[in-house]
Amino acid sequence: MTSRTVLAAFVFAAAIAADAPAHAGVFMGMEADLVDPSKGEVPTLIVGFDEKYFRAQIDITGENGYSKTHHIKPVSAGQELRYTWSQKEGTVMYSIRVEMVDHAAEHYIEETEVFVSSAPPITASIPVNSVDLENKWFSLVTNHPPEEVKIEVIADDLSTLGESTFAVTDAKKGSPVRVTWEQQGEGEVFRILVRAFDEYGYWAGVEIIPWSLVVPHEDVNFPTGSHEILAEEAPKLQDAWKEIVKALDKYGEWIPNPTLYVGGYTDTVGDASSNQSLSERRALAIAQWFKKRAAGRVTIRYQGFGETALAKETPDNTDEIVNRRAVYIITPGGHPSGKDTPRANWRGLE
């Protein structure tokens, strides 16, 4: 979400004649001191007159090199004029000078200075793979540099682990900012809530859930070379499903689109190609068993890793029970990555 401060910056001034008392009034100011070019907004000067004049001249000069003179003849009492121009991103000071001449040839001059910022709202994102939970930092990507970042870290029991404000220095447009946080409590990080503020008054909120849950379970024993789930093995999956439901009940409010990833593995007995195919069929069988009970509560994806991600390193053709396994991982949607899940070729169920 984004927010911004918009101010109608009107300057009311009395027009003063040279060597003469106040005679009449003029008001001048910017319609807003912050404009969003992505919405077609541009700096808009408003000049209004309280009385009629024979003529008037409005000079607009910007420190960015902008210069424009407008002539009005005649000037009506109550007349309001609007002038616009383009401005590149950034903050610019403009000098506004209004000279009025009445019908008695008296000259009146009023001057003021205004600041106008032109910038699109700040946007913010956090690449999932940039989060380092151990060292407590992440990369924040914004469309222009933030000045300050406020962080709240939530634990997996939904308590607050820490809150901190990070002052950004030496940020460059187009480059991610490395943000660190302080953690006052103990626990596993579940969510990180971030608000980035820029120099213009915009802010953007973003959150990331760098959390995943490896579901504890007892592995299904399949018949040799088979992917059939035997009746006597089903209670193992039922127990695992209870753990999955428990997690969905606990975290479902915060992860509206959870995904369950089912990975299958084999030992090194047999050739690698056959083991890869067998692991895929077994992962699919387990995924389909879960899907029949999911009722749309969780998206399920699966993948076989064969003998490429061994829990215990062994020579070829080694019968090792700990390598004949599966993993069930719940995440907010992004696929898990790590030693046990080295590839991203996850498949969805029809």
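Summary of values
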| item | result |
| --- | --- |
| Segment 111-126: number of residues that are assigned to a strand (DSSP E or B) and of a type in the set (A, V, I, L, M, F, W, C) | 4 |
| Single residue of Thr259, Thr318, Thr341, Thr308 found to be farther than 29 Å from Ser130 by Cβ and in the same structural domain as Val220 (by TED's automatic domain parsing) | Thr318 |
| Any pair with Cβ under 6 angstrom, 6 or more apart, that starts in segment 210-227 at a residue that is of a type in the set (D, E, K, R) and at pLDDT 95 or above and ends at one that is surrounded by 12 or more Cβ atoms within 10 Å (Cβ to Cβ) and assigned to a loop (DSSP other than H, G, I, E, B) | Asp219/Arg325 |
| Out of Ala231, Ala283, Ala240, Ala272, sole residue that is without any contact (Cβ under 8 Å) to a residue 12 or more places away in the chain, aliphatic (A, V, I, L, M) and closer than 23 Å to Gly304 by Cα | Ala231 |
| Selection count where residues are out of contact with any Gly (no Cβ under 9 Å at 6 or more places or on another chain) and of a type in the set (Val, Ile, Thr), scope segment 234-264 | 3 |
| Subset of segment 253-274 (residues that are of a type in the set (Ser, Thr, Tyr), assigned to a strand (DSSP E or B) and more than 30 Å from the chain's Cα centre (by Cα)) | none |
| Tally, over segment 335-350, of residues that are surrounded by fewer than 13 Cβ atoms within 10 Å (Cβ to Cβ) and among the hydrophobic types (A, V, I, L, M, F, W, C) | 1 |
| Breaking point among (1) assigned to a loop (DSSP other than H, G, I, E, B); (2) within 12 Å of Gly263 (Cβ to Cβ); (3) of a type in the set (Ser, Thr, Tyr), for Thr314 | (2) |
| Among the residues listed as Glu186, Glu199, Glu182, Glu207, the single one being acidic (Asp, Glu), outside any strand (DSSP E or B) and touching a Lys or Arg at 6+ places or on another chain (Cβ under 8 Å) | Glu182 |
| Some residue of segment 113-125 being more than 22 Å from Gln183 (Cα to Cα) and free of Cβ contacts under 8 Å to residues at least 40 places away in the same chain | yes |
| Those residues of segment 79-111 which are more than 14 Å from Glu51 (Cα to Cα), touching a residue at least 40 places away in the same chain (Cβ under 8 Å) and either outside the structural domain of Gly25 (by TED's automatic domain parsing) or surrounded by fewer than 14 Cβ atoms within 10 Å (Cβ to Cβ) (or both), in sequence order | Arg82, Thr84, Ser86, Glu89, Ala105 |
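The values are calculated or read from the model by the stated rules, or taken from the named source; none is laboratory data. As the structure is a prediction and not an experimental result, all values here were calculated from the model. Note: ideal-geometry Cβ built from the backbone for every residue, glycine included; neighbour counts use all protein chains shown.
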